Structures are given as C-alpha cells and as structure tokens.
1. Quick one: which of V147, V195, V159, V118 is in a strand (DSSP E or B), touching a residue at least 40 places away in the same chain (Cβ under 8 Å) and not basic (K, R)?
2. Hey, any hits in segment 161-172 for a residue that's in the same structural domain as A61 (by TED's automatic domain parsing), touching an Asp or Glu at 6+ places or on another chain (Cβ under 9 Å) and over 19 Å from E297 (Cα atoms)?
3. Quick one: which of A65, A51 is under 30 Å from I152 (Cβ atoms), at pLDDT 90 or above and either surrounded by 22 or more Cβ atoms within 10 Å (Cβ to Cβ) or of a type in the set (A, V, I, L, M) (or both)?
4. I need a count of the residues in segment 266-287 that are exposed (fewer than 13 other Cβ atoms within 10 Å of the Cβ) and either assigned to a helix (DSSP H, G or I) or at pLDDT below 80 (or both).
5. Do we find a residue being surrounded by fewer than 18 Cβ atoms within 10 Å (Cβ to Cβ), of a type in the set (K, R) and not in a strand (DSSP E or B) anywhere in segment 162-184?
6. All but one of (1) within 30 Å of A309 (Cβ to Cβ); (2) of a type in the set (A, V, I, L, M); (3) surrounded by fewer than 19 Cβ atoms within 10 Å (Cβ to Cβ) hold for I205, so report the exception by its number.
7. Among the residues of segment 297-308, which ones are out of contact with any Pro (no Cβ under 9 Å at 6 or more places or on another chain) and farther than 12 Å from L113 by Cα?
8. For segment 303-321, does any single residue satisfy the condition of being touching a Gly at 6+ places or on another chain (Cβ under 8 Å), surrounded by fewer than 17 Cβ atoms within 10 Å (Cβ to Cβ), in a helix (DSSP H, G or I) and among the aliphatic types (A, V, I, L, M)?
Amino acid sequence: MNLLDRHIFRSVLLTCAAAVGLFAFVVAVPNVVRDLLGPFLAGQFGAGTFARLVALLFPFAISFALPMGILTGVLLTLGRLSADSEITAMRACGISLPRIARPVAILAVLGTLLALHVNLESAPWARAQFHRELPAAIRANPLGVIVPRTFIRDFKGAVIYVGARDGEVLRDIWIWDLDRQSRVRRLVRAESGRVEYDEATNSLIPALRRATVEERDPADPENFSRAPRVVTVGRFDEIRIPLDRYMGEHFVRLKDEWLPYGELQARRARQAAESPPPEGREEHARAGLRLAMISMEKWSQAAAVLCFAFVAVPLGIRVSRRETSANLGLAVVLVLGFYLLTVAVKGLDKRPALRPDLLLWVPHLVFIALGLVLFRRVETR
C-alpha cells in the first residue's frame, strides 16, 4: 500500500470509526433509558453492573451502526477530498477511479468481516447475556423498585405510594388494587409495613401493620352510590404484586434472534426434521421460513457494509461537499431507503411461496445497480 493508499485509508478509517461510534450511541441510548436508567437510579444495582449492562448493549447497536457508519464515513471523506480538488489531482495524474477506491474497498471488506462476526456471534451472545443479567441484578434487590414519595405504576394490577423508607421498613403506605380494566377495587392504607419478595411466584407481598382496607363492589367498583366496606386490621398480607415487568418469563425468554449462528442453524435443522400433522403444515412452514429469514438477515446486514461503501464512493466524489450536515443527511436518506425496502420484504414472512428469505437481497441488488450507474457517470464526466 503506497502513500496515497495510506492517506485515503487512514482518512476514511478515522471518519468511519467516529461515525460508527456516533450511530452506536444513538441506537443504544433508548435501550439504556428504557431498561436500565430507572432501576439504576432507584438503587437496584450499582455503577459497575450498570456499566457492564450498557456494554452488553453495544454489540447489538454496532450491528446496525456499522453499515450506516461506513456509508457516512466514506461520504464525508471522499466528499471533502473532492471538494478540495484532491480527487481531481489524482485523476489528472492518470489514477483511475477504481484505483482511488481501492483503500475504501479494503476497509469495506474488513468492515464486512467485522460485521459478520458481530451479527453471527457477538451481538446474539451479548443480547442474550443482557436479558439474563438484568433480571438477575434486579432479583438481587427486588425491593429497590419501591421509591419513597413516588407513585409507582409499573406493576400490573396495582399502584403503590410509600411516604418514607427506613431500611426494609416502609411508612405511610398506600396501595390501590386494580382490576383488569384498571379500576380501583380495593384501597389499602397502612402506617408501616415490609415488602417481601416471593421467588416462587415472582411477586412482592406487602406485609402491612395497622392497615385500613376500603373494598368496593368488585362488579362495579366505580359505582360510588354504594358505600365501600371499610375494615381496620392489625396485619394485612392479601395482595400479591407480580414483577413480570422486571423479571417475568416474557422478559428473560431468549428469542431466536439472540441465538449464536451455530445454535440457530441447529434449531433450523431440528425444525426441518419435524413431521407435522396435515393441519399444522402451514404453521410449520411459516416457522421454518422465520428461522431462515433470521439467518439470512444476519448475512445480508453484514453485506450491507459492502453495498453502502460501493454506493458511497462515486456519490461522495460526485456531490463534492465539505458540509458535514449535508453528507449526513444524504447518508440518512440512503439508509432509510435501504431499510424501508428490507422492512417491505420482511412483511412477506407469512407467504413462504414468495421466498422472502431470498428477497432480502433485493435492496442490495438495488444499491449495487445504483453504484454502477454512479460509477459510470463519474468516469464519463
């Protein structure tokens, strides 16, 4: 690799690395806010656990950020070189466009290999590990979901308010027990109490002292013409508050998308070897197609790195812009177009006869055709 190759390669590499980091951060932040920030601020796990869980989100984010980052980095770098007339000087010296693009091609191949490793191994492992470790961290301190002076509405079938917390002792406790339509069927107030975690049922059990229980008509709890029945008891522990929002089976069940490639292929083989009854063949075919599409999507998402780089080279030279915002906007438009085509193909997952697993490559073919047209126009201008 000569001096010119090293100059282009280094320039594109640094810009692509920065772009991948930016897009990975943008992809990861919503997951951090939705799944981690609340429990962390509530004190359910420490800074070390929080940092590890955030790190486990980034391989998944990088799987999406790599194609976008490569596209953006090549557009920005070659757009700047073209605007500074460096590309014109290279071509005036007899250097062809494919020769100028060689360092970008090398970087795109390396990026594709990295994307394959991330998509097939790192991201599925990290995603599965994240959904194992987060419930385990919350399970280690289940009472951390109780935050004083806050109306806690995350529980299914209950709203809780606690005035103060002294270790494991809670004071000024209010519990609104809700029915399936989120109507208050019972209001419980207590001076103090404790909340115990029942691992067998994955639920919290408030053990309240000196409690006042206001029970409404279970058939029509919003009919206030009937006076509620009010009783005072020394101890009350009849309410079970499920923690499915934090640690339920639906939250920790590993999805097919999170399987490493070897395990995914083994599951496909087992599924293909099954002999369903005649009435279940259609559902069996859909399940097989779904696994095939998951497998194919991992490969196609990695190949998108090459396609995006192939389009970005002539496009970056052609637009000849220094402005970062303009090139970023162009990159976003191209990425949106690519993924809109991908989503449209994935919408055919219930029609195995159309082979949507193979149609996942249509966006790549469209981008390759676009790249060929752009290369031709740049060469002939």
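The values are calculated or read from the model by the stated rules, or taken from the named source; none is laboratory data. For clarity, every value in this text was computed on a predicted model and none was experimentally measured. Neighbour counts are summed over all protein chains in view; Cβ atoms, including those assigned to glycine, are modelled from backbone coordinates with ideal geometry.
1. Numbers: V147 fails: in a strand (DSSP E or B); V159 fails: touching a residue at least 40 places away in the same chain (Cβ under 8 Å); V118 fails: in a strand (DSSP E or B).
Among V147, V195, V159, V118, only V195 is in a strand (DSSP E or B), touching a residue at least 40 places away in the same chain (Cβ under 8 Å) and not basic (K, R).
2. Looking only at segment 161-172, we keep the residues that are in the same structural domain as A61 (by TED's automatic domain parsing), and these are none.
There is no residue in segment 161-172 that is in the same structural domain as A61 (by TED's automatic domain parsing), touching an Asp or Glu at 6+ places or on another chain (Cβ under 9 Å) and over 19 Å from E297 (Cα atoms).
3. Working: A65 fails: under 30 Å from I152 (Cβ atoms).
When all the criteria are applied, what remains is A51.
4. 11
5. yes
6. Failing condition for I205: (1).
7. E297
8. Checking segment 303-321: at least one residue is touching a Gly at 6+ places or on another chain (Cβ under 8 Å), surrounded by fewer than 17 Cβ atoms within 10 Å (Cβ to Cβ), in a helix (DSSP H, G or I) and among the aliphatic types (A, V, I, L, M).
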